[in-house]
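Below is one structure, written out as structure tokens; the observations come after it.
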Amino acid sequence: MSQTLRNNMRTIHRYLGFFLAGIMAVYALSGMVLVFRNTDFLKQEIHYEKTVAAGIQPAKLGSALGVKGLKVLRTEGDLLYFKQGSYNRSTGAADYTVKKLPYVLGKMTKMHKATTKDPLYYLNLFFGASLLFFVISSFWMFIPSSNVFRKGMYFTLGGIVLTLIMLFL
């Protein structure tokens, strides 16, 4: 392995790390918050009173109101009751409460979960490729014959074993 390649990898690793420090912090925080996405941890209740089209079928009410997993629990005349509130079929008036993450955390988790339908997905691909570069370039940080490199290989093996355990549990 040439000294020039090692120095170039170290330099790119260092400055790319500094450049991506902010986004790595965002992904670290949003990743931890996403672990609790099926709970109400950190979520705030937001009350809505809005009018949507009258006569919406119960199966389509959730998408009209922007409430995931909406299930009508009972019907009394024109009123449909669901866990989050109610909807008047004749007037289209809906009164409901949803729980959402605070604005900044919501934006962070949205970015973390970006798909190809989101214009941010190019940045997510760049970030993912950068993280992969960090993994590969870390092996050029030390001379392979050094004690630090050898010990690093033991830690790498331990990390791979832990990853496999986490994947298959």
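The values are calculated or read from the model by the stated rules, or taken from the named source; none is laboratory data. Since this is a predicted model, take the numbers as computed values, not measurements. With ideal geometry, Cβ positions are generated from the backbone for all residues, glycine too; neighbour counts draw on all protein chains shown.
Each row is one residue, and each column tells you yes or no for (1) out of contact with any Gly (no Cβ under 9 Å at 6 or more places or on another chain); (2) closer than 30 Å to VAL26 by Cα; (3) not polar (S, T, N, Q).
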site	(1), (2), (3)
SER63	yes, yes, no
VAL67	no, yes, yes
THR75	yes, no, no
GLN84	yes, no, no
LEU101	yes, yes, yes
MET111	yes, yes, yes
ALA114	yes, yes, yes
PRO119	yes, yes, yes
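For the subset of segment 53-63 comprising residues that are closer than 15 Å to SER90 by Cβ and surrounded by 14 or more Cβ atoms within 10 Å (Cβ to Cβ), which member is nearest to the chain's Cα centre (by Cα)?
Once the filter is applied, the top-ranked residue is LEU61.
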List the strands (runs of 3 or more DSSP E) inside segment 61-169, counting only whole elements, that have at least 1 residues being without any contact (Cβ under 8 Å) to a residue 40 or more places away in the chain. 72-76, 79-82, 85-88
If you check LEU34, LEU70, which single one turns out to be within 28 Å of SER130 (Cβ to Cβ), in contact with a helix residue (DSSP H, G or I) (Cβ under 8 Å, 6 or more places away or on another chain) and not acidic (Asp, Glu)? LEU34
If you take the residues of segment 37-67 that are out of contact with any Ser or Thr (no Cβ under 9 Å at 6 or more places or on another chain) and among the polar types (S, T, N, Q), which of them is farthest from PHE134 (Cα to Cα)? GLN57
Within segment 28-47, can one find any residue that is aromatic (Phe, Trp, Tyr), on the phi < 0 side of the Ramachandran plot and surrounded by 14 or more Cβ atoms within 10 Å (Cβ to Cβ)? no
Just one listed residue, out of LEU120, LEU73, LEU101, is surrounded by 12 or more Cβ atoms within 10 Å (Cβ to Cβ), of a type in the set (A, V, I, L, M) and modelled with pLDDT of 95 or more, and it is LEU101
Looking across segment 82-96 at residues that are over 30 Å from the mean Cα position of the chain (by Cα) and buried (at least 17 other Cβ atoms within 10 Å of the Cβ), the single one that is farthest from GLY62 (Cα to Cα) is ARG89
Of all residues in segment 1-55 being among the small types (Gly, Ala, Ser) and not in a loop (DSSP other than H, G, I, E, B), which is farthest from TYR87 (Cα to Cα)? GLY17
